[in-house]
Amino acid sequence: MCGIALLVSGIRIGLSSLNLDSISSSSKSHLVFSVDDLKAALQRREIFGGIEVGIDKNDTESLMQSLGNCCSCRSQEHRTTCDFNGQAKGSIVDVLSVIKGPWAIIYWQESSKTLWFGRDAFGRRSLLVHWPTMEDPRFLLSSVSPTSSRLQDSSFEVENGSSGIKFWEELSCGIYSMSVDVKKSDGSFHSEIKKHEWTNAMLKELIEWERVSIEPKPAELNFSHSRTSSAELDINSSSSVLAQNVLTALRESMLRRISLYNIYQALKETVPVAVLFSGGLDSMIIAALLDQCLDPNYEIDLLNVSFDGESAPDRISAKTGLKELRRVAPLRRWRLVHIDADLSKLTWETKRVLSLINPANTYMDLNIGIALWLAARGEGWICKESNNETDEDKRVNYTSRARILLVGSGADEQCAGYGRHKTKYRHDSWLGLHKEMKLDMQRIWKRNLGRDDRCIADSGKEARFPFLDEDIIRTLLDIPLWEVADLDQPSGKGDKKILREVAHMLGLHNAAILPKRAIQFGSRIARESNRKNFGSNRAANQASAGSVVINVQSYFS
């Protein structure tokens, strides 16, 4: 065996106790498990391009074969320095650089005694790291932090930072290698960690996130405003070439993520895919495209979380959105799953989510994490009769069995959907807006995606992000910024302008004019959290509650 690859959530590796001599054996090593285990863990494919995966093959097997053919050198100039006499098919960096789709990997290459690890360029899968310190010299990699059962232990305080020590951090996106050279007398290893540059030119361009056109000339801006005004009078005229390009790219992104081979090779579920559903612009576009791309025999679950019963804004917009989806896709069987929660009764659940979001540690992170965690579990109720969503006598308990959860992450960052984007535009015009959006995209791995992946994966579900497909990012960067967003227009019109045109093309005219509403506010968990922890919404706002770091001991006292 030439190597072992780990792509499974929950792996925690401490190299201070790792027996590297046994890694390639069939037992004893912390890293070894069978190919059958790998198949069971990854029956749903996450490699959407870059590496050829046969129609009857598992993506982990294909990746292992590609990595096994790689040269054993770590140099960026492997083509002139590798010792495989031209027989190798590139380097490990080459292989990982061409993969399309979310990944995080820990791979031991026996031939070079090198541990490779890393995350995809946008951080769509979680990987945490503890770098050695004077207080704790261990080097640790983990897809999750310690479980919530350790919340009361002193070790949890150390490893989760509540004592003032930041133990875990999100591994920054990229490919790393650690060559283990010399075993010391105390049993530890001398090693060197190196971060490698991506060798895929297109990927490097996406990471830089440079847009083709940022600042419009007056004539271009006037034409854009004129076209927007015409679209208000005749919806059909909104089918611009640019919006059509985005729609096409989104449809292809969806197809890559919900192909039956990509979902489950031995598909038995009647609901293979679910949508994190607020009824807002992003989730409505995802749901409508899912209907177009998924076999009509399958049902679709729309998972909606509320901390205020039927009165939460997201519950109201979800029910309105369901009616619109039934209008544009009447043959599809849609299930709106009402997931109702009471924050005061979620003590155990909150402790678990606190562990999952780590190293994120603010009230905003916790509120978002709880909402995502509840959505991923999919436990709620549905109505027997589709035309009566409020009749309590017709409520039936229901748990979604979908293993894939489609999430709209990345839409706001790429299309200027946040309030701070409008503020930045007012102060610093188009260039300032571009810089703010670029900053959002280059830190989304740290602020959002690792946290969200851990919360969703805890229920055995897999988050997929259609708006963060590499081709979608490229398509949006090729569009002039003033065509992506027009922040001189009011909320619900100019923000995410290009996606609103896409929604019109899909027949989602009501969704196309909805303003942005974050899940923590739409579900009303932020309101309940503010009341619980600050006494009132007003007090919480004065304290900027969302960014306040949680004191674990006082939270549960």
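Yes/no matrix, rows are residues, columns are (1) in a helix (DSSP H, G or I); (2) in contact with a helix residue (DSSP H, G or I) (Cβ under 7 Å, 6 or more places away or on another chain); (3) at pLDDT below 95; (4) within 27 Å of ALA503 (Cα to Cα):
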| residue | (1), (2), (3), (4) |
| --- | --- |
| LEU354 | yes, yes, yes, no |
| ASP365 | yes, yes, no, no |
| ALA371 | yes, yes, no, yes |
| ALA376 | yes, yes, no, yes |
| GLY380 | no, no, no, no |
| ASN388 | no, yes, yes, yes |
| TYR398 | no, no, no, no |
| LEU405 | no, yes, no, yes |
| HIS421 | yes, yes, no, yes |
In the list VAL502, VAL552, which residue meets the criterion of being at pLDDT 95 or above and either farther than 22 Å from ARG315 by Cβ or touching a Ser or Thr at 6+ places or on another chain (Cβ under 8 Å) (or both)? VAL502
Determine if the stretch 258-274 includes at least one residue that is crowded, with 22+ Cβ neighbours inside 10 Å, at pLDDT 95 or above and in a loop (DSSP other than H, G, I, E, B). no
Matching residues in the stretch 477-507 (open to solvent by 10 Å² or more (accessible area, probe 1.4 Å) and closer than 16 Å to SER253 by Cβ) number 3
Among the residues of the stretch 526-539, is any farther than 21 Å from GLY410 by Cβ, at pLDDT below 90 and assigned to a loop (DSSP other than H, G, I, E, B)? yes
Sort out which residues of the stretch 515-525 are over 21 Å from GLU413 (Cα atoms) and not in a loop (DSSP other than H, G, I, E, B), and write them in order of number. ILE525
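Being surrounded by 24 or more Cβ atoms within 10 Å (Cβ to Cβ) and in the same structural domain as LEU289 (by the TED database) is true for just one of ALA463, ALA457, ALA416. Which residue is that?
Being surrounded by 24 or more Cβ atoms within 10 Å (Cβ to Cβ) and in the same structural domain as LEU289 (by the TED database) holds for just one of ALA463, ALA457, ALA416, which is ALA416.
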With the requirement that a residue be polar (S, T, N, Q) and open to solvent by 40 Å² or more (accessible area, probe 1.4 Å), what does the stretch 433-454 give you? GLN442
So which residues in the stretch 294-348 are within 30 Å of GLU252 (Cβ to Cβ), within 26 Å of the chain's Cα centre (by Cα) and loosely packed, with under 13 Cβ neighbours inside 10 Å, if there are any at all? ASP295
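The values are calculated or read from the model by the stated rules, or taken from the named source; none is laboratory data. Being a predicted model, the structure only gives us computed values, none of them experimental. Please note: Cβ atoms are built from the backbone with ideal geometry, for glycine as well, and neighbour counts cover all protein chains shown. Note: areas computed on protein heavy atoms with side chains; ligands, DNA, RNA excluded. Shrake-Rupley method; radii C 1.70, N 1.55, O 1.52, S 1.80 Å.
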